[in-house]
Every structure is written in structure tokens, then in C-alpha cells.
1. Using alpha carbons only, how many degrees (0 to 90, rounded to 10) separate the axis of helix 404-432 from the longest principal axis of the chain?
2. Rounded to whole Hz and in sequence order, give me ³J(HN,Hα) for segment 62-70 from the Karplus expression 6.51 cos²θ - 1.76 cosθ + 1.60, θ = phi - 60°, writing x for Gly and Pro.
3. Out of G362, G82, G322, any idea which swings most in a Gaussian network model of the chain, alpha carbons joined below 10 Å?
4. Residues of segment 9-44 with the amide nitrogen closer than 17 Å to a label point 7 Å from the Cα of A113, along Cα-to-Cβ, please.
5. With charges set only on the Cβ (+1 for Lys and Arg, -1 for Asp and Glu), what does the dipole of the chain come to about its Cα centre, in debye to the nearest 20?
6. Which residue, chosen from L331, N235, C124, occupies the Cα position most advanced towards the positive end of the dipole of the chain, where the dipole is computed from +1 (Lys, Arg) and -1 (Asp, Glu) charges on Cβ about the Cα centre?
7. For a paramagnetic label modelled at 7 Å from the Cα of Y219 toward its Cβ, which residues of segment 125-156 fall within the zone defined by backbone nitrogen distances under 13 Å?
8. Calculate, axis by axis, the spread of Cα positions in the chain along the three principal axes, and write the results as whole Å, longest axis first.
Amino acid sequence: MERTKKSGKFYLALVIFSLVGQVAWVMENMYFNVFIYKMFNASASAISTMVSASAISATVTTLLIGALSDKVGKRKLFICAGYILWGISIWSFAAIRTDVIHALFPAAASASAIGVSLVIIMDCVMTFFGSSANDAAFNAWLTDSTDETNRGAVEGINAMMPLMAILVVFGGFMGFDQNLPQTWTLIFGIIGTVVLVLGIAGFFLVEESPVKTEGNENYFKNIFYGFRPRVIGSNRVLYVTLVAYAVFGISIQIFMPYLILYYNVSLAMDNYVLIFAPAILLAAAFTAFYGRVYDRLGFQKAVIPTLVLLMGGYTVLYFCRGTLPVFLGTLIMLCGYLSGMAVFGAMLRDFTPANKAGMFQGQRIVGQVLIPGIIGPAIGAAVLQNAQTIVNDDGTTSFVPNENIFLAAFVAGVFIFLVLIPLFRLLKKEALHGTR
């Protein structure tokens, strides 16, 4: 089948919106962890609670807004307006500082506890706008705008953006002193502005995707469309893929919320960005190539190598401490992580029913964000429950992440192979019946 070509304007919108959206998610998924750890001495359980609350917010939002965008038939408005409000909500974190908390709550016994609570609450608010724009509308737009001949290549670009965003954020702010409140004010201001400006620019960049609204008129009925037994039964490949993707995500979320802290605190790598950056660039290049492997060979032949790479990276990171082996372990792990996201993401888009991409973004978020976001960090926090602690300059204590997070992630990774067995059987039946 000849590959469908996309315009340069489409790829420009894909790269910019995907990258900037992921920069904002890096702020939430990894930088907020560092923020509340350094500013409010947050515990591993507090970080786990924040990640879980955000995952729940993302899922509910995507279900509501995804179905709404299907009913309205307009993705562009939700994308652009969502990015504008997303940027404004990021600005709000600049006001969450110890001096502001003391001024507002002079009788409070612990400014740190209030600070952690405020960050968690505002994280959920920010997630509402971010998930409306990115998880619901942008991802539905990508599904509408691609087909089975080019989704692997497009998803290869989309999947590499989360770690490219890490490179942009941590590289861009590497020289900033993250122990100072004013540093975080500046960081939140810069990223919030970039996201807001892109939302405005999107009105000129994004080409509206064709969405048929017939049959999508009942909004409240559509919210729960993907949870109907009949729908699940007629889309078994899609839902088993979601289960496999969820287990994949659990494995990632066991260590990811603590990864930067592991490099910085446990391994005392003050220059971890210089180690992390080339690994991200190489893994991103690998993933951009690997998406085309999916288009040529299909899911079954493309997914196994990604999992082997992922678990190989875990093994190296668990046993090694030196700079070079940590770099190699990180590179191997990131190649498996990003290419795995590309393969699973393209598979989900291929099996999403036509003209119902918005409704099914909620199911995608359940598998990609909600389940991993609740179970993964909880496992990581449990693994680190008795971790070593250090005493800070102000007399408070902080936990020190250790290599056991990679061992737990490896064990979770084994279960992905178990889910792939029934998925491969379903795909074989699909092929025998001449479908897909």
C-alpha cells in the first residue's frame, strides 16, 4: 500500500504542538517532583499522590472533552484555547512560595505541608487544561489526520517528543539554581508563556481535520461509549493493546518520577544533563527511524525488540554506577521506552474506530496514564519506603532513591510479554478473517 503523504504544515504543527505540549508535561511529571522535593521537602508518598491525582484528572478530562470534540466536530478550537489556558495555569505556580504561604497562612504550623497540598491541587487544575488541549483534542486530531500507511512514521515523531522535552527543559534550565524560589518563578513564567503563545499561533498553524458528527449527537451517552460491553467486544484488539500499554506504562512509572532525583541525589551526578542529553538525542533519532519499521513490518515484529531494549536498560542501570555504564544503560532504556511508545501508540490509532477518535482518547488515557500513574508510582514509593535518608541544611530529611526502582520496573516488564500472548492470537485471527 502506497504511503499517504502529509504536508509540511502538518508536520510543523505536529512537531511544535507535540514538543511544547510535552515540555509542559515534563514540568508536571518530572519538574514538579523536583520542585516540591527541593522547595517543600516532599516525601516519596507525596510525590506518588501528586502523580496519581494528576492521572485521575487527566483521565476524567479526556473522557469529557474527547467526547465533546467528537460532538462538536472541531478539534482546532479545543487545541488552541486549551493551550492558552494551559499556559496561564502554569504561570500560577510562580505564586506557590514559602513567603507567600507564610503571608496567607501566618498561623500555619508547616508551610511545607501547605505548599505540597497547593501544588497537588493546582497540578490537577493545570492537568484539566493540558489534557483538554493535548490528550483529548491534539491526539484525536492526529488520529483523524493520519491513516494506516503513515501512522508509524508520525507516531515515531510524536513518541520521541516526551524525552526531547526533557532535554529542552533540563538543558535550558541546567544553569539555574533550583534551590532558590525565584528560580522556579522564572521557570514557570517562561514555560507558561511559551505554551500560551503557541495556543495563539495554533489558530494559524493547525489545519482542521475532517470529523463526521453523525451519530455523535448524544454527548453524555458518548462519554461512556468506549466502556460498553458491546463496543469492547467488537474492538478486542484495541482493548487488549490498551492492557499491554498499561503494563508497559506501569513499568515506566515505577522509576520515572524518581529518575532525575536518582541521578542527582543517589549518584551525585551534578552534570547529569550532560549525560542525559546525548542519550535522549540518540534515542529520539532511533525512535524516528523505528516508527517506519512499524509501518513496514507491523506490530508483532516491531514490539518485541522495544521490550528487549527497555529491560536491557533496566538491567544495566540496576547493576552499574559509573558514568559510562549509566549513560549506556540510560540510552538503551530510552530507546526501548520511546520506540515502545511509538509502536503501542500507532497500534492504538490503527484500531480506533473511524470518526470516534475523541471518544476513545479517554480509553487511551486510562491505559497510558491513569492505570500506570496510580500503580507505577505507588510501587516505586513502596520500594523506596525504607530508603536511605539525608539531613538537609534546615534540619529536615529527604529520601534517597536507589537502584531497586529499576529491579521493580524489570519485574513489571515481564508481565508485558504475558499480555502480548493473547494479543498476538487476536491479531492472527484478524489476519485469517481478512480484516485489518
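1. Approximately 10 degrees, to the nearest 10.
2. So the J values, rounded to whole Hz, are 5, 4, 5, 7, x, 5, 5, 5, 5.
3. G322
4. Flagged as within label range: 40-44.
5. With only Lys, Arg, Asp and Glu charged at Cβ, the dipole is about 1440 debye.
6. The listed residue farthest towards the positive side: N235.
7. none
8. 67, 45, 40
None of the figures in this text is laboratory data; all of them are computed from the coordinates on show. Because the structure is predicted, anything quoted here is derived from the model rather than measured. A quick note on method: Cβ atoms are made from the backbone with ideal geometry, for glycine too, and the neighbour counts reach across all protein chains shown.
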